[in-house]
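First the structure, in the form of structure tokens, and then the observations on it.
What follows is calculated from the coordinates using simple rules that are stated; it is not laboratory data. The structure displayed is predicted, hence computed values, not measured ones. Positions of Cβ are backbone-derived with ideal geometry, glycine not excepted, and every protein chain shown enters the neighbour counts.
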Amino acid sequence: MPKDQINISPYPTFIPYGKQKLNSSDINAVVKTLKQPYITQGPTVTAFENAICRYTGAEFACAISSGTAGLHVACRALGLTEEDWLWTTPISFIASANCALYCNAQVDFVDIDPETRNLSSYALEEKLRIASKMKRLPKVLVVVHFAGLSADMQRIKDLSEEYSFSIIEDACHALGGNYCQEKIGRSIWCDFSVFSFHPVKAITTGEGGVLCTNNEDLYHKAKLLTQQGITRDPNEMELEYEGPWYYEQSTLGYNYRMTDFQASLGLSQLKHLDEYIETRNKLASHYYNHLEKLPLTLPLANTLDADLNAFHLYVIELTEYAPITRSELYAGLTRLNIGVNVHYIPIHLQPFYRKLGFKEGDFPNAEQYYAHCLTIPLFVQLSRKEQDFIIYCLSEFLTK
Ligand SMILES: *Cc1c(COP(=O)(O)O)cnc(C)c1O
């Protein structure tokens, strides 16, 4: 019998790797807003932004149409242009790097730390030292808190002061998590924190995102960019204010607005966030307890400073002792109705990035991780029965 064929019947229904949880109060909140006079550009977006500030502790929050738009706007607000470099990690969603290309800037990557799977601050330091000699330092660094575990922000912040670059935290995996006992999004060690509310993330607005910052000037720049670069504030006018109808376009912006009914969903979902993170941590520890003895590398729950993991994903890595390959395990679990996934194909190995000159071997830790990683289901409503089925199947596949 091939190694990925096993004598187990598939789970009766498909178990996805992640999905949203919406209850009737979330749905009622949206319906209520749909009956209001303003379904976009109304008061609910502001109320949601204020709630995000209260939750994260950031001074300013700017709601936006997606996490990707958030990264783009953050780059623009920080003044990234075609003369600049942006560095990020190869192990992320492509949006973490594409934001540089939207600004016609150049992209480069910093290899990961195999233990945390986050951008390695040691590799960063090394690369900065070399780049400094070549006068090719980055203007912006996009740091991703992979799978919900915060990166080494204090060290990265220290390096940003030494080599003067800005930091965007791509915190799309990490809403609800903590670093140094501060909520991720508090934005102490970065210029912007960017979140996404796509349905697989901790809480959802359908599509949507938010930028957090403590810098008022950056906040105003970001806000302006989300609304076509248009200001109606007489204090910000370049030309003479002509009357209440008057507005000015001062920069080239976008329509990156979030609607009010999305914001009402976000407001309602935010009330469940802490409970959802607790559930995700409980599910993760159940996995730990039952997968520990298998030939797998399991994700770190915490580091000294990353004190609360948001557990957006639960990624296992097959060790050299596994009796089955990652592809065989992927196929085997899929056949049993278990929705596994691979996060992520290293960005630099995408055809589009290869055309920019990247190739296999450029970031060995990222490539090594990619060759053996597999994301197994983790979401708030994952039942004990489903989770135990997943654990049972993994044990069967991975025991010789
Ligand atoms: C989801 C995600 C994004 C993009 O968010 P969207 O809201 O889907 O545009 C960016 N970076 C990371 C790490 C993500 O997981």
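Computed quantities for the displayed model
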read-out	value
Bins of 5 Å, starting at 0 and running to the largest distance - Cα pair percent for segment 156-272	2, 10, 15, 17, 18, 14, 11, 8, 3, 1
Charge dipole (segment 264-400, unit charges on Cβ, about Cα centre) - positive-most of Leu356, Tyr369, Tyr288	Leu356
Inverse mean reciprocal Cα-Cα distance (Kirkwood Rh) of segment 6-160, Å	18.9 Å
Choice from Phe109, Phe195, Phe358 with maximal GNM fluctuation in the chain (Cα, 10 Å cutoff)	Phe358
Euclidean distance of C-alpha centroids, segment 296-368 and segment 199-245, integer Å	36 Å
At most 10 other Cβ within 10 Å, DSSP loop - GluC sites (Glu not before Pro), segment 298-377	Glu320
Spatial separation of Cα centroids for segment 258-274 and segment 124-158, in angstrom	32 Å
Taking the C-alpha atoms of segment 278-400, convex hull volume expressed per residue in Å³	133 Å³
Relative counts (whole %) of C-alpha pair distances in the chain, using bins that are 20 Å wide	27, 55, 17, 1, 0
Exposure proxy ranking, count of Cβ atoms within 10 Å, fewest first, for Arg384, Arg117, Arg326, Arg232	Arg384, Arg232, Arg326, Arg117
Exposure proxy ranking, count of Cβ atoms within 10 Å, fewest first, for Leu329, Leu239	Leu239, Leu329
Reduced Cα scattering model of segment 93-245, Debye log10 I(q)/I(0), q = 0.13, 0.16, 0.19 Å⁻¹	-0.68, -0.96, -1.25
Segment 86-152 - Kirkwood radius from inverse mean 1/r over Cα pairs (Å)	12.2 Å
